[in-house]
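Take a look at the structure below.
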Amino acid sequence: QITLKESGPTLVQPTQTLTLTCTFSGFSLSTSGAGVGWIRQPPGKAVEWLAVIYWNDNKRYSPSLRSRLTITKDTSKNQVVLTMTNMDPVDTATYYCAHRRGATDTGGNFGSWGQGTLVTVSS
Amino acid sequence: QSVLTQPPSVSGAPGQRVTISCTGSNSNIGTVYDVHWYQHLPGTAPKLLIYGNNRPSGVPDRFSGSKSGTSASLAITGLQAEDEADYYCQSYDISLSGYVFGTGTKVTVL
């Protein structure tokens, strides 16, 4: 059974850097094809893909947020960390991490999701 | 700034069939990459409902997906009250080198 859980601050001040950790079980990020992605959903809006990291350490970012995002993995700890710089109130959202299923480091889907963590950006 | 376009809402009576469209382009749905569908109930994590033309274990066969050209559709037959949720399509975009989600569709059971 695959499980994922997001952790990090619930409140961030504008201009600060957000650091979120995804801790997972039930799969290994050293297995060929594996990946972990981050997706967010602002209140009342659609979901938006942010970033993904694959077993081979390749990474992909949303073009509109690329300059602000960094995704890393610690395979030994079964963790993936997402950092987002220069936070703004429009970044208030529920942030999810998810297991990316696929054969290569393109395509695929998000088969299992964490419960999500609401991050509010406010002074 | 969703790349895939869905109708904001669809509705139907219990037992009816409803379809949700997902319109993309030649850089995402129009490629070799599959379209996937998620069901999202308020306060819960999105759930993978359809991947390509397949259903994960436990998903009723009332749900089915299809793709043609640069568009895809999710069909729900025998609509039930428990199907009331938000639904999102998702694919991979070769121009963006990343994943794209749809604008989302709220399904209401009348």
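Quick note: the coordinates plus some simple rules give every number you see, no bench work behind them. Note that the structure is predicted; figures quoted are calculated from it, not measured. Cβ coordinates were reconstructed from backbone atoms using ideal geometry, including for glycine residues, and neighbour counts include every protein chain displayed.
Structure notes:
- Computed from the Cβ-Cβ distance with R0 of 30 Å, the FRET efficiency linking B:R62 to A:I2 stands at 0.75.
- Zone of A:Q13's modelled label, taken as backbone nitrogen in the range A:65-95 under 18 Å from a point 7 Å along Cα→Cβ: A:84-92
- By DSSP, the beta bridges lying fully in the protein assembly as shown are antiparallel in about 90 percent of cases.
- Rounded if a/c under 1.5, otherwise prolate or oblate - the protein assembly as shown, Cα gyration tensor axes: prolate
- Relative exposure of A:F110, B:F101, B:F63, judged by other C-beta atoms within 10 Å (fewest first): B:F63, B:F101, A:F110
- Positive minus negative residues near A:F110 (Lys, Arg vs Asp, Glu; Cβ under 9 Å): +2
- Chain A, relative contact order in percent, only Cα pairs under 8 angstrom and at least six apart counted: 35 percent
- For chain B: relative contact order, % (alpha-carbon pairs under 8 angstrom, 6 or more apart): 39 percent
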